[in-house]
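Only the coordinates and a few stated rules stand behind these numbers; no lab work does. In this text, all values refer to a predicted model and were calculated from it rather than measured experimentally. Ideal geometry is used to build each Cβ from the backbone, glycine not excepted, and the neighbour counts take in all protein chains shown.
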Amino acid sequence: MFMGLAAEKYDRQYSDRQLLRRMATYFAPYRGRLIRLTLIILAITAIGLVSPLLIARGIDLVGAQPSVGAIVALCVGLLALSVINWACNLMRRRMTARLIADVIGQMRNDAFRATIHHDMAFFDEFQSGKVIARITNDTQELSQVTVLISDLISQFTILIVLVGVLFTISWPLTLALLVMAPVVVFFGWAFRRVARMVTRSGFRVIAEVNSAIQEAVAGIRVAKTFRQEQAIYDRFRQINRRSYEVNLRRGFVLSNVFPTLNAMAGLGTAVMTYVGGLAAIGGTVSVGAWYLFIISLEQFWFPMTNIASFWSQIQGGLSACERIFALIDAESSVKQIEDPRSKVQKGDAQSSTPNLRLRGEIEFRSVSFRYNEQQQVLRDFSLRIAPGESVALVGHTGAGKSSIIKLITRFYEFQGGQILIDGRDIRTFDLVEYRRQLGLVSQSPFLFNDTVMNNIRYARPDLSDDMVEAVARRIGDGEWVAALPNGLLTQVGERGQHLSMGQRQLVALARVLAQRPPIFILDEATASVDPFTEKQIQAALNLILADSTSILIAHRLSTVKSVDRIIVLDRGRIIEEGDHATLMARGGHYASLYDTYFRHQSADFNAEMYQKLKA
Amino acid sequence: MTSEFSVEREWHSDRRSPARWIFSHIWRYKVYILGILIGALGNAGGAAVMPLLVGQAFNAVVAQPPDGAALGLIAVLIVLSQIARAILQLGRNFSSEIIGQRIERDARDELYTSLIGKSMSFHDRQSIGDIMARATNDVREVNLLMNPGVNLVVGSAAFLLFPLIIGPRIHPQLIAVPLFYVAAYAVAVAYYLRKLAPATERVRRAFGRMNATLAESIEGIETVKGAAQEGREIARFRGAVDAWRAAAVGQGDVESLYLPSLILGVTMALGLLHSLLLYHAGAINVGDVVAYNGVLMFLQFPTFATQFAYPQVSSGLASARRILELMNAETLLDENKGGYAGEMRGDVTFEHVTFSYGQGERPALQDVTISVKAGQTVAIVGQTGAGKSTLTKMINRIYDVDAGRVCVDGVDVRAWDLDALRRQISTIEQDVFLFSRTIAENIKFGRPDATQAEIEQAAKAAQAHEFILSFKDGYNTIVGERGVTLSGGQRQRIAIARAFLADPRILILDDSTSAIDSATEDLIQQAMFRVAQGRTTFLITHRLSQIRWADLIVVLKQGRVVACGSHDELMRTSKDYRAIFAGDEERPKKTAAQPVVSRANGQVS
Ligand SMILES: Nc1ncnc2c1ncn2[C@@H]1O[C@H](COP(=O)(O)OP(=O)(O)OP(=O)(O)O)[C@@H](O)[C@H]1O
Ligand SMILES: Nc1ncnc2c1ncn2[C@@H]1O[C@H](COP(=O)(O)OP(=O)(O)OP(=O)(O)O)[C@@H](O)[C@H]1O
Ligand SMILES: [Mg+2]
């Protein structure tokens, strides 16, 4: 029925009870407020019930020829009541607004906290636009739930009081009425399945829209250069149209509820009028009681239909919760396990992780790894990097160089073998603590929409401005900073778009220089900078590489010449290793690779190549 | 309104103010407005007819002898009237639902079209998260403004009329209190709306910020994790959530100070007083007192309904303002439909071009003059941040020059039809962006009608065919967001294939092999060279191997052209050029005799 609006893989179904119970945990911290709110609601309900009595009393007075003083007193009483009522309502709104904001805020924080700890495979697979929609959009629905529940309290109170009143008017008629009431409730209940289904697809489609917009805006530059705006627009239109259809259907289904219930209430009134009327004619009930009863019926149906509709109205909230909880509960494929050693040392106040400073030994033991069933990336891969060693990974594109790094940073789970850091299983680290020890410049550097300065100190928020400047100066004496429009205070724009690619890489490099971690990982960190700047970077790096473990990936082989060991990869296997001189002497893969690279830089070769190409 | 992209539409909205804009959208669906009005009146009528029927029933029962048949008839009438009421109610709900959803659809469509029509200098300034919030949630708010907002306002207005009509029929004086109520209500609502406007606007803004914060953290997740700054991002998001919370509570506080409900209390008391006093004076009887006070009860519905409806309306208006803010933002470029649209030869000249990204910023390009003949290959070199990428963006008008001019085929690019200009120029971006669709769709992005054979041919030339086939789903493999599930070199090769397939007259290669190893590059280079033949090519690269086959090398330094010429000339004459490329000349000790690349798949032999 809702074609293409599939659930995400991590979506699951919870029973209503599970959902409600878990939803309740969000309200639980505000128990005190809930009680106060309930009391206020009860007060409001009571006033609502008393005011008509007061008016009725006034009308009774009329018969007794009251004095003007009594009339005024009565009206003042009524006025006082409504002022109290207003004040109570004011408090109710204020409290509800706070409750809603707190609960939604809490849920958003929880959802975000859970999301940020999901592994990278999660973000590869699920479009961020959809994830974002869950966290900010779906949570919004909780306000509806809060209002519905607090209304429910007052409706129930009114209903109970009214039934009491009706009983005093005529108990046989009341009993007859109470036999009919469940039918109405059942009808409201029957709506809930459809309501759940349509609200669920409503959320899905909005996530879809969100994601389409995100991608289009992110890719707008490509769309413009290829002049494919129309294609992008057509695609969006389809999704937007579907969103329209799904939402319309949702609206239609939900807007059936009240008219249907009202019609049923009308039917109920008609039956009571007829049956009660006959009874009155027959003398079983008094005519006066019957008449009063029918007149009060209208007031009975109002809370009754509201209560009956509750289950269908709350389905939106339940679907939203279901989606949010699924996001929170999504299984991470990267699983950390308890460190067996820290169990032994349970006596210590904390486990072994805090203040950990790694020596920087890295060991892969016959690791096998794949991202998905598409292809195996590493097979039986073994490698040991000694503390303080600098290692370069080279090899053709797609060989698995970046993947090795992503395993060291524990962004992904590997399927077989072991990875040891300082001799300790990588699975046993506290990930945040562990990653603090890594300095990573990834292939496509990401900058936050802030100043260059703040981006440099991203991993070390405690650095002073002067210290950041000192770090920036380490590369080519800060010449690159001078070239920025506003020096270190330049705003880098979304994802760093206001900087040139090379500048982005420089900022990312400065970021890890500031961090001074025991393990450096540079994945093509200089691919987009010119050779001159690269030499400056190299000089800055050499200082660091000397005393920390470092892993470099570079296609420009001039940058890897000086490392301790070069590892040549081919399709996830090591085919050669050794330092530059040894490998060159060996005349194997690396030698020829280097040779190609070198010849690319040489005038003779290029002239020759040019001739060949022209021919 | 200038725009780089537009669609033909038979309707136009009025963008002068939020209210006009919304109204111009609603007005397109007049029929449904009628549905809402009829439904609202029917609902009120249905409510009013009930007591009458019950009264008739009473008469039937107390009649002598009791009239059972009439009682049955009345019961049937009650059922019929309530069913009719339900149907009308349904009609009203459906109508307002349709209007609301259509407005959402149309408004989003309009915003989206406007967004893709905006120039890059606009997009540079926006955060995606905030745009997303506007295009999804704010647009939704406009829908809610209509339904339940306006729907409730209109629906409840009918109930305001009853006391005004019925009161004076009981006694002329009895119009006073209802009149007082309606007047006070109008004033109070106006005040309420005025207070609400800034409050709802704050909420919408805070929501946008929160969404932007969230989007950024998630986009940069790898960096966040790599730097182990999850805690900080959580705190940052919490800050944004707290700001939203404060705004939402602020709106709640404004909503709580809803005066009409207090006025209603006063009205009820005054009504009772007035009617009792009239009775006291003997002007009306008991029944009148009952009836009058009963009619005043009708005021409850509009009073309470609008407490919720107006914040919705106000929120919708605030959202509309935010949407208009985007749509009405000035954008400098326009499609220039009907401009020059000839077949492109490929001569490109820069005449004293100066350009800066922001006002008052140091120009990224200064007084650049270059002349390139059709079919030539130009290499642009320079240090990081010298303005190389910027220079190429002037050609296909991603940005417009501030001074001087850029001509293609002797025609100022601003005089070209934008569509014709961009269609004939292809760029391989430095910062490759892939859509999260299949690989095939990504390759044929610039030419959606390309056949599978053509796609494969382009992929082969870009040395991408091999690795694509190594995936289980081959060309139908769906790449992750922005291409994250591919290696850097693979992404670049897909971008190269994309540009090859587009078959442009001017090809711009911006550092397009930076993530590719030399061996693979060797292979791609042959294809690139072939592709470059017969078309104007701009090459930005740091690799001498590519620079070498350029007919012309332009050296940029801090936005200025400092030298022009061939490699050998420049090595001799240009200090800046030497600074970049000297030093890599050291010979390896051993040189392999035969060519390194022997297999066509980019493997190292
Ligand atoms: N996130 C991912 N999900 C699925 N597959 C991936 C992902 N990242 C990389 N791959 C695949 O794994 C293989 C190895 O990729 P990797 O990024 O390790 O290559 P690389 O050696 O770093 O190449 P390059 O030099 O081009 O960066 C490639 O075939 C790639 O398509
Ligand atoms: N969108 C933008 N908004 C503001 N400033 C920008 C923008 N893009 C680039 N700049 C600035 O303009 C200058 C030139 O940038 P450009 O991208 O042209 O450099 P480049 O020569 O291509 O460098 P690289 O070799 O690193 O790619 C830089 O100082 C950069 O900070
Ligand atoms: Mg550039």
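How many nm separate the modelled label positions at residue A:357 and residue A:331, each set 7 Å beyond the Cα in the direction of the Cβ?
4.1
Dipole magnitude of the range B:13-159 about its Cα centre, charges +1 at Lys/Arg Cβ and -1 at Asp/Glu Cβ only, in debye to the nearest 20? Don't skip to the answer; put the middle values down first.
Numbers: 14 positive and 11 negative charges, 74 e Å.
Using Cβ point charges on Lys, Arg, Asp and Glu, the range B:13-159 gives about 360 debye.
Taking only the C-alpha atoms, wrap a convex hull around the range B:13-159 and report its volume per residue in Å³ as a whole number.
On the way: hull volume 15.2 nm³, N = 147.
Convex hull of Cα atoms, per residue: 103 Å³.
Could you tell me how many degrees, from 0 to 90 and to the nearest 10, lie between the Cα long axis of helix A:531-547 and the main elongation axis, the longest principal axis, of the Cα atoms of chain A?
90
Throw me the Rg/Rh for chain B, computed over C-alpha atoms with Kirkwood Rh, two decimals. Present the calculation step by step, with values, prior to reporting the outcome.
Numbers: Rg = 35.7 Å, Rh = 30.3 Å.
When Rh is taken as the Kirkwood radius, the ratio is 1.18.
Could you give the angle, 0 to 90 degrees to the nearest 10, between helix A:287-313's Cα long axis and the longest principal axis of the Cα atoms of chain A?
Taking the Cα atoms of chain A, the angle to A:287-313 is about 10 degrees.
Please report, to two decimal places, log10 I(q)/I(0) for the range A:227-277 at q = 0.23, 0.24, 0.28 Å⁻¹ as given by the Debye formula with identical point scatterers on the Cα atoms and no solvent.
Once normalised to I(0) and log-transformed, intensities are -0.83, -0.85, -0.94.
Work out Dmax and Rg for the range A:362-614 from the C-alpha atoms and quote the Rg first, both in angstrom.
Spelled out, the Cα radius of gyration and Dmax of the range A:362-614 are 19.0, 59 Å.
Step through the table entries A:9/B:225; B:373/B:393; A:406/B:393; A:224/B:388; B:118/B:337; A:401/B:472, compare each Cα-Cα distance with 27 Å, and write down the pairs that go over it. Let's see the in-between values first.
Numbers: A:9/B:225 23 Å; B:373/B:393 18 Å; A:406/B:393 34 Å; A:224/B:388 19 Å; B:118/B:337 15 Å; A:401/B:472 21 Å.
With Cα atoms farther than 27 Å apart: A:406/B:393.
Once Lys and Arg get +1 and Asp and Glu get -1 on their Cβ, which of B:254, A:396, B:13 lies farthest toward the positive end of the dipole of the protein assembly as shown?
Value: B:254.
On a full-extension model of 0.36 nm per residue, what is the gain between residue B:169 and residue B:23, subtracting their alpha-carbon distance, rounded to one decimal in nm?
Numbers: separation 146, 0.36 × 146 = 52.56 nm, distance 3.69 nm.
Full extension from residue B:169 to residue B:23 adds 48.9 nm.
In 10 Å bins starting at zero, report the fraction of Cα pairs in the range A:108-179 per bin as a rounded %.
16, 25, 16, 13, 13, 12, 4
Rounded to the nearest 0.05, what FRET efficiency do residue B:476 and residue A:252 have when you use their Cβ-Cβ distance and R0 = 30 Å? Before the final figure, lay out each step's value.
On the way: r = 37 Å, r/R0 = 1.23.
E between residue B:476 and residue A:252, to the nearest 0.05, is 0.20.
Which net charge results for the neighbourhood of residue B:504, defined as the other residues with beta-carbon distances under 9 angstrom from its beta-carbon, given Lys and Arg at +1 and Asp and Glu at -1? Don't skip to the end; give the middle numbers.
Numbers: positive: B:423, B:505, B:535; negative: B:503.
That works out to +2.
Assuming R0 = 41 Å, what is the FRET efficiency of residue B:161 and residue B:16, from their Cβ-Cβ distance, to the nearest 0.05? Walk me through the numbers on the way to the answer.
Details: r = 32 Å, r/R0 = 0.79.
For residue B:161 and residue B:16, the calculated efficiency is 0.80.
Between residue B:283 and residue A:35, take the C-beta separation as r, use R0 = 51 Å, and let me know the FRET efficiency to the nearest 0.05.
Values: r = 49 Å, r/R0 = 0.97.
Given R0 = 51 Å and the Cβ-Cβ separation, E is 0.55.
Taking a virtual spin label 7 Å from the Cα of residue A:49 along the C-beta vector, which residues in the range A:273-317 bring their backbone nitrogen under 13 Å of it?
A:300
If I require 30 Å or longer along the helix axis, counting alpha carbons, and a Kyte-Doolittle average no lower than 0.0, what helices from chain B are left? Use full DSSP H segments. Numbers along the way, then the final one.
Values: long enough: B:30-62 (49 Å, 1.49); B:68-117 (73 Å, 0.54); B:151-170 (31 Å, 1.68); B:176-219 (63 Å, 0.38); B:230-256 (38 Å, -0.43); B:259-280 (31 Å, 1.55); B:300-327 (40 Å, 0.21).
Sorted by number, the helices that extend far enough and score high enough are B:30-62, B:68-117, B:151-170, B:176-219, B:259-280, B:300-327.
Write down the Å³ per residue value for the convex hull defined by the alpha carbon atoms of chain A. Could you put the intermediate results ahead of the total?
Numbers: hull volume 156.2 nm³, N = 615.
It comes to 254 Å³ per residue, whole-number rounded.
Nearest 10 degrees, 0 to 90: what angle lies between the long axis of helix A:603-614 and the longest principal axis of chain A (Cα atoms)?
Its long axis makes an angle of about 70 degrees.
How far apart, in nanometres, would the label points at residue B:373 and residue A:543 be if each is projected 7 angstrom from Cα along the Cα-to-Cβ direction?
5.1
Among B:123, B:159, B:111, pick out the residue whose Cα is farthest towards the positive end of the charge dipole of the range B:13-159, where Lys and Arg carry +1 and Asp and Glu carry -1 on C-beta, about the Cα centre.
B:123
Quickly work out the residue A:370-to-residue A:140 label distance, labels modelled 7 Å from Cα along the C-beta direction, and quote it in nm with one decimal.
4.2
All other residues with a Cβ under 11 Å from the Cβ of residue A:237 taken together, and with Lys, Arg as +1 and Asp, Glu as -1, what is their net charge? Walk me through the numbers before you get to the answer.
Details: positive: A:235, A:241, A:242, B:105, B:108; negative: A:234, B:109.
That works out to +3.
Taking a cut-off of 29 Å, what percent of all Cα-Cα pairs in the range A:76-230 are separated by more than that? Intermediate values should be presented prior to the final figure.
Working: 6054 of 11935 pairs.
For the range A:76-230, the share of Cα pairs beyond 29 Å comes to 51 percent.
So, in Å, what gap is there between the alpha-carbon centers of the range A:388-442 and the range B:219-296?
With the range A:388-442 and the range B:219-296 each reduced to a Cα centre, they are spaced 56 Å.
Can you work out the PRE-style zone for residue A:42? Point 7 Å along Cα to Cβ, and I want the residues of the range A:155-173 with backbone N under 16 Å.
Only A:155-162 fall inside the zone, counting backbone N under 16 Å.
Find the eigenvalues of the gyration tensor of the Cα atoms of the range B:348-581, then list the square roots of 5 times those eigenvalues as equivalent ellipsoid semi-axes, largest first, in whole angstrom.
Details: eigenvalues 185, 81, 52 Å².
Its equivalent ellipsoid spans semi-axes of 30, 20, 16 Å.
Given Cβ point charges of +1 (Lys, Arg) and -1 (Asp, Glu) and nothing else, what value in debye, to the nearest 20, does the dipole of the protein assembly as shown about its Cα centre take? Mind showing how you got there, number by number?
Numbers: 130 positive and 116 negative charges, 272 e Å.
The calculated dipole for the protein assembly as shown is roughly 1300 debye.
Give the share of C-alpha pairs in each 20 angstrom bin for the range A:16-329, from 0 to the last occupied bin, in whole percents, shortest bins first.
For the range A:16-329, the pair-distance distribution reads 24, 45, 24, 7, 0.
If only Cα atoms are counted, what is the Rg of the protein assembly as shown, and what is its Dmax, in Å?
When restricted to the Cα atoms of the protein assembly as shown, Rg and Dmax are 37.1, 127 Å.
What residue among A:18, A:51, A:438 has its Cα farthest toward the positive end of the dipole of chain A, where the charges are +1 on Lys, Arg and -1 on Asp, Glu, each on the Cβ?
Looking along the dipole axis, the top candidate is A:51.
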